[in-house]
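Q: Dropping the structure in here first, questions after.
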Amino acid sequence: MKQFLKYTLATMVGLFLMSFVGIFFFLGVVGVLLSSGEAVTTLKPNSVYQLDLNGALVERSEDNPFEMFAGQYGGTTTIGLDDILSNIRKAKDDPNVVAIRLNCGGLGASYASLKEIRDALIDFKTSGKLLVAYADQYTQGLYYLASVADTVLLNPIGAVAFHGLAANTMFYKTMLDKLGIEMQIVKVGTFKSAVEPGILTEMSDANRKQMTVFVNSTWNDVLAEISASRNMSVDKLNACADAAMEFREATDALERGLVDSLVYESEVNDWLENRIGAEPSIVKHTAMTTVLPVAEKYNKTKVAVIYAVGNIDMSETEGIVSKKLVETIHEVTENDQVKAVVFRINSGGGSAYGSEQIWHALSQLKEKKPLVVSMGDMAASGGYYIACLANRIVAQPTTLTGSIGVFGQIPNAEELTEKIGLNFDMVKTNKHSEGISVVRPLSSEQRELLQLSVNRTYELFVKRCAEGRGMTADEIKAIAEGRVWTGTDALEIGLVDQLGGLADAVNVAAEVAGLDSYAVAEYPEKEDFMTRLMNEMSGGMQARILRSALGDQYSLFKAVNERQSLSGVYALMPFRVELR
């Protein structure tokens, strides 16, 4: 029964999409295979790296066999943060590159990831090369990124979205009530709001308090950086936000100092030519990824970066699969060339059991090598569980972290089964032989036992954090209770050690290991196109097609789908939090 809701919507949408795209699949795959052998790009003098910021930002780029459908059928393409950072470094180091042009379209990205790019662009500017940004319409996140440019250009009939931040959480209790499903909850943590969408119709007072602190802390960090880059006071920027700039004319953004000049897109290259004194040779992002970096001497000494991205053990095809990640950690542990490890986390948690398995593997690694954690957009709940033992933790100011709490969620679909005419009966040998069922409510004794299990997991969570951070259990509990913190606030209360990005974490790892010279190796290794295609054909096809077709709405569909299948004890972030 618990699988019923999980697959009904997915199957209906999946069958529809499969019938729609199936006739194009074979020809599409053949086309990709024929074009996949890209040649190395050679840069010409006066090259300008054009970074088109569209689609969805992901931690690592990948050969997605279904990416071909995204652009053709209205879906969302992806762009890898790793490729962007690598290309910016190439642009800085290669003497043929004279400038970077940011084309700011519609990129789905959190502020922590945007800061990774922003910091890389600040480093690029130390080369003395030109950085220019252009947009027809700036989203607020991409304006935050573009504000670091030497010159910010805007379409004469465009606008700059600048309105402040709001955290939006979707609640689905009313939907479950109509279906006849009750969410039975046990938890530890006043602020553990992951369970709220299934049992409330609005934020609890505790959740409202923590989210208010979170959005204000994030907004203050964003304002401070824009203020420094644009030489505008925070008060003036807040006045712009209160004026809802996206509804105002481009000339208003120019007069207020948000942008430097109004030009049409067709005029940008002419503007660049005037600035660099020669016709620019435009190199787009895909081509730039095939540019060979400035030659570096091969180094057998490695700093490994292990990526842990997505929810823990909540899908067999997406996110963090603890068994696979543990295998990767063991592989790195036994690799004698690896002298230090950066564990890159972008996760809101998930299975408490899976989190413990990952923690154990990392504890074995730490016995042999320095371990530094780099937090991306979030490393919260189970994501913090697997971070807390590191020698040092590096987070972005706007990283969402903490959420040290545990909950158990058991759906009761008794009313639904009655509505659709299903009846159940049983015989049993012992008092608890039937276990916990999703077609009848928990007994008082079962609820008590589940609460004991949740309490035990929470105490273990607190113990892990206390040992990892060199704090007492009471000190951890004082800042736990499931509460989320920004990286800035987490630094003040001792949950992280310093603010910075992935590059900073790599430098810290090398410093802790006493390395003067090293190369960076990433794990797990990326799959090539054919390997990924075979894997998708064997299990991930439906998810890939849905992702490409649903675009921005896929994360909502995925979250609802995952929540319907939750049954057990979890260390997980709130259901869905959006910053707008």
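The values are calculated or read from the model by the stated rules, or taken from the named source; none is laboratory data. Remember, predicted model here, so these are calculated numbers, not experimental data. Here the Cβ positions follow ideal geometry from the backbone for every residue, glycine too, while neighbour counts run over all protein chains shown. Please note that ligands, DNA and RNA were not included when accessible areas were found on the heavy atoms of the full protein model with its side chains. Shrake-Rupley method; radii C 1.70, N 1.55, O 1.52, S 1.80 Å.
Q: Among the numbered conditions (1) surrounded by 22 or more Cβ atoms within 10 Å (Cβ to Cβ); (2) touching a helix residue (DSSP H, G or I) at 6+ places or on another chain (Cβ under 6 Å), tell me where THR77 comes up short.
A: (1)
Q: Would you pick out the residues in region 497-522 that are within 15 Å of PRO370 (Cα to Cα), out of contact with any strand residue (DSSP E or B) (no Cβ under 7 Å at 6 or more places or on another chain) and either in contact (Cβ under 8 Å) with a residue 24 or more places away in the chain or part of a helix (DSSP H, G or I) (or both)?
A: Once the filter is applied, which keeps residues that are within 15 Å of PRO370 (Cα to Cα), out of contact with any strand residue (DSSP E or B) (no Cβ under 7 Å at 6 or more places or on another chain) and either in contact (Cβ under 8 Å) with a residue 24 or more places away in the chain or part of a helix (DSSP H, G or I) (or both), region 497-522 yields ASN507, GLU511.
Q: Here is a further query. Tally up the residues in region 247-297 that are closer than 25 Å to VAL160 by Cα, within 31 Å of the chain's Cα centre (by Cα) and either open to solvent by 70 Å² or more (accessible area, probe 1.4 Å) or among the small types (Gly, Ala, Ser) (or both), please.
A: 4
Q: Go through region 107-226 and tell me which helices (runs of 4 or more DSSP H), entirely inside it, have 2 or more residues that are among the hydrophobic types (A, V, I, L, M, F, W, C). Write out each step before concluding.
A: Working: elements: 111-125, 140-146, 173-179, 196-199.
Where helices (runs of 4 or more DSSP H) fall fully within region 107-226 and carry at least 2 residues being among the hydrophobic types (A, V, I, L, M, F, W, C), they are 111-125, 140-146, 173-179.
Q: In region 84-121, which residues are among the aliphatic types (A, V, I, L, M), open to solvent by less than 10 Å² (accessible area, probe 1.4 Å) and within 20 Å of GLN137 (Cα to Cα)? Break it down into steps so the answer makes sense when it comes.
A: Initially, region 84-121 is screened for residues among the aliphatic types (A, V, I, L, M), giving 84-85, 88, 91, 97-100, 102, 107, 109, 112, 114, 117, 120-121.
Within this subset, residues satisfying the condition of being open to solvent by less than 10 Å² (accessible area, probe 1.4 Å) are 84, 88, 91, 97, 99-100, 102, 112, 114, 117, 121.
Listed by number, the residues that qualify are ILE100, LEU102, LEU114, ILE117.
Q: Still on this structure, please answer the following. Within region 139-160, which residues are touching a Cys at 6+ places or on another chain (Cβ under 8 Å) and free of Cβ contacts under 8 Å to residues at least 60 places away in the same chain?
A: Residues satisfying the conditions are THR139, ALA146.
Q: Testing ARG447 on (1) open to solvent by less than 10 Å² (accessible area, probe 1.4 Å); (2) out of contact with any Lys or Arg (no Cβ under 9 Å at 6 or more places or on another chain), one condition comes back false. Which one is that?
A: Condition not satisfied by ARG447: (1).
Q: Going by the structure shown, is ASP489 at pLDDT 95 or above, crowded, with 19+ Cβ neighbours inside 10 Å, of a type outside the set (A, V, I, L, M, F, W, C) and outside any loop (DSSP other than H, G, I, E, B)? Quick ask: steps written out before the conclusion?
A: Values: at pLDDT 95 or above: yes; crowded, with 19+ Cβ neighbours inside 10 Å: yes; of a type outside the set (A, V, I, L, M, F, W, C): yes; outside any loop (DSSP other than H, G, I, E, B): yes.
When the stated conditions are applied, ASP489 passes them.
Q: So which residues in region 501-518 are within 18 Å of TYR298 (Cβ to Cβ) and open to solvent by 30 Å² or more (accessible area, probe 1.4 Å)?
A: LEU515, ASP516, SER517, TYR518
Q: Same structure again: Those residues that are aromatic (Phe, Trp, Tyr) and without any contact (Cβ under 8 Å) to a residue 60 or more places away in the chain, I need them from region 195-242; list them, please. Step through it out loud before you land on a result.
A: Residues of region 195-242 aromatic (Phe, Trp, Tyr): 214, 219.
Across region 195-242, the qualifying residue is only TRP219.
Q: The conditions are (1) of a type outside the set (S, T, N, Q); (2) modelled with pLDDT of 95 or more; (3) in contact with a helix residue (DSSP H, G or I) (Cβ under 6 Å, 6 or more places away or on another chain), and ALA250 fails exactly one of them. Which is it?
A: It is condition (3) that ALA250 fails.
Q: Follow-up question, since we're still on this one. Of the numbered conditions (1) at pLDDT 90 or above; (2) open to solvent by less than 40 Å² (accessible area, probe 1.4 Å), MET314 satisfies every one except a single condition; which is it?
A: Status for MET314: all satisfied but (1).
Q: Another question about this same structure. Hey, can you tell me all the residues within region 485-526 that are under 12 Å from ARG344 (Cβ atoms) and either hydrophobic (A, V, I, L, M, F, W, C) or in contact with a Pro (Cβ under 6 Å, 6 or more places away or on another chain) (or both)?
A: If the condition is that a residue be under 12 Å from ARG344 (Cβ atoms) and either hydrophobic (A, V, I, L, M, F, W, C) or in contact with a Pro (Cβ under 6 Å, 6 or more places away or on another chain) (or both), then LEU502, ALA503, ALA505, VAL506, ALA509, VAL520 are the ones that fit.
Q: With respect to LYS178, is the statement that it is basic (Lys, Arg) and over 21 Å from VAL439 (Cα atoms) true? Explain how you work it out, then say what you get.
A: Values: basic (Lys, Arg): yes; over 21 Å from VAL439 (Cα atoms): no.
Here the answer is no, as LYS178 does not meet what is asked.
Q: Looking for something within 30 Å of LYS90 (Cα to Cα), open to solvent by 20 Å² or more (accessible area, probe 1.4 Å) and either modelled with pLDDT of 95 or more or touching a His at 6+ places or on another chain (Cβ under 7 Å) (or both) - is there at least one such residue anywhere in region 230-242? It would help to see each step written out before you state the result.
A: Residues of region 230-242 within 30 Å of LYS90 (Cα to Cα): 230-231.
When the remaining residues are screened for being open to solvent by 20 Å² or more (accessible area, probe 1.4 Å), the result is 230-231.
Filter again for either modelled with pLDDT of 95 or more or touching a His at 6+ places or on another chain (Cβ under 7 Å) (or both), leaving 230-231.
Checked region 230-242: at least one residue is within 30 Å of LYS90 (Cα to Cα), open to solvent by 20 Å² or more (accessible area, probe 1.4 Å) and either modelled with pLDDT of 95 or more or touching a His at 6+ places or on another chain (Cβ under 7 Å) (or both).
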